[in-house]
Amino acid sequence: MIEKNDISINQISNLPSHVAIIMDGNGRWAQARGLDRSEGHAEGVKTVRRITEAASRAGIDYLTLYTFSTENWNRPKAEVDALMHLIVIAIERETPDLIKNNVRLTMIGDSSRMPEEARKRLEKCIEDTSHGTGLTLVLAISYSSRWEIVEASRRIAEKVANGEMSADEIDDRTVSEHLSTAGMPDPDLLIRTGGDLRISNFLLWQIAYSEIYITPTYWPDFSEADFKDAIESYAGRQRRFGLTGEQIK
C-alpha cells in the first residue's frame, strides 16, 4: 500500500498549470529566532530554490512569486538595499541551474524603480534563460496590482484617444492583454504563507477565480511536503467559475 507521503507531486491528478505564491513570514521567522530580518530573507531564498525545483519536476507551467512589492519601497532603506542585493545575487547564482533545468525566468513589475545596476543584472539573467521551454518562473518585483491595472488603463485610454480602438471594444480580454501577465494563464492556485488572511495587492485581476490556500507556516520553513499539501488541496476542489456543481458535472 502506498502511503500518502510517498506520493510525489507529479503523481497527483489535476495539477494546477499556474501557481502564484505570496512568500510571507521571512522577517517574523528571523525575529522569532533573535536574528536580523535580513537573515530571514536569506533563508527564504533557499525555499525559493526548493519550491522552484519541485514545481519544475512536477511539470507545472508557471510559478509566480511575490518577491518585492511597490509598498516594500517604504521599508527602512537598509532593509530595502539588502533585499535588492539579495534578490540579484540569488538570481545570478541560480541562473546556471535554471538553464540546466530548462526553466525560463521572467519578471513583472515597475522595473524603472529598481537601481539601474540591479535591473541590468536581472535583465541579463532573464535573457540567459529565455530559451527555456519548461517551467516559467515569474518574479513579481516592484509590483503591485493596483499599479498594474492603472498602467493598463492608461495604455488602453491612449489607444482609444489615438483611434486605435473604440471604447465599445473594451472587454475583459482587452484588460488582460494590457497587464504585465499578458500571454500567461491566470493562476489556478494562490498560496500564502505566514498565516495572514489578505491578498496584499497581488494579481487582483488575475486571481478572480483562483483557488486560495493559506498556511501559518513561515516562508523559510515552507517545505516541498507543504507545497504538495497545497497542491493536493487544490486537486480535491471543484472549480465552478460561477456555475453550479450540477452544471460542472
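Below is a table of values for the structure above.
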{"quantity": "Whether the range 121-249 is rounded, prolate or oblate, judged on the alpha carbon gyration tensor where a/c under 1.5 counts as rounded", "calculated": "oblate"}
{"quantity": "Relative contact order of the chain, defined on C-alpha pairs under 8 angstrom at six or more residues apart (%)", "calculated": "28"}
{"quantity": "Over the chain: helical MRE at 222 nm, DSSP H runs n ≥ 4 each giving -39500 (n - 2.57), nearest 500", "calculated": "-13500 deg cm²/dmol"}
{"quantity": "Amide hydrogen neighbours beyond the local backbone of Glu211, cut-off 5 Å, H modeled", "calculated": "Leu189, Leu190"}
{"quantity": "Other-chain or far-sequence residues with amide H under 5 Å of Tyr143's (modelled H)", "calculated": "Phe68, Ser69, Thr70, Asp110"}
{"quantity": "Among the listed pairs Lys77/Lys228; Lys124/Lys159; Lys46/Lys100, those beyond 26 Å (Cα-Cα)", "calculated": "Lys77/Lys228; Lys124/Lys159"}
{"quantity": "The range 128-174 and the range 23-51: distance between their alpha carbon centers, rounded to Å", "calculated": "31"}
{"quantity": "Whole-Hz ³J(HN,Hα) from phi, Karplus 6.51 cos²θ - 1.76 cosθ + 1.60, for the range 175-192, glycine and proline x", "calculated": "4, 4, 6, 10, 8, 4, 8, 3, x, 9, x, 5, x, 7, 9, 10, 10, 10"}
{"quantity": "Rg and Dmax [Cα atoms of the range 21-159; Å; Rg one decimal, Dmax integer]", "calculated": "15.6, 53"}
{"quantity": "All aspartates and glutamates inside 19 Å of Lys120 as judged from Cα atoms, apart from same-chain residues fewer than 8 positions distant", "calculated": "Asp81, Glu92, Glu94, Asp110, Asp128"}
{"quantity": "Cα gyration tensor shape for the range 173-249, rounded if a/c is under 1.5, else prolate or oblate", "calculated": "oblate"}
{"quantity": "Packing-based order for 165-176, 193-204, 43-54, using average beta carbon neighbours within 10 Å, highest first", "calculated": "43-54, 193-204, 165-176"}
{"quantity": "Neighbour net charge for Gln206 - beta-carbon separation under 12 angstrom, K R +1, D E -1", "calculated": "-4"}
{"quantity": "Computed over the chain, Kirkwood Rh from alpha-carbon pairs, angstrom", "calculated": "19.3"}
{"quantity": "For the range 188-231, radius of gyration divided by Kirkwood radius, i.e. Rg to Rh on alpha-carbons", "calculated": "0.97"}
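Every number in this text was worked out from the coordinates using simple rules, so none of it is lab data. Treat the numbers as computed from the prediction; the structure is a model and nothing was measured. Cβ coordinates were reconstructed from backbone atoms using ideal geometry, including for glycine residues, and neighbour counts include every protein chain displayed.
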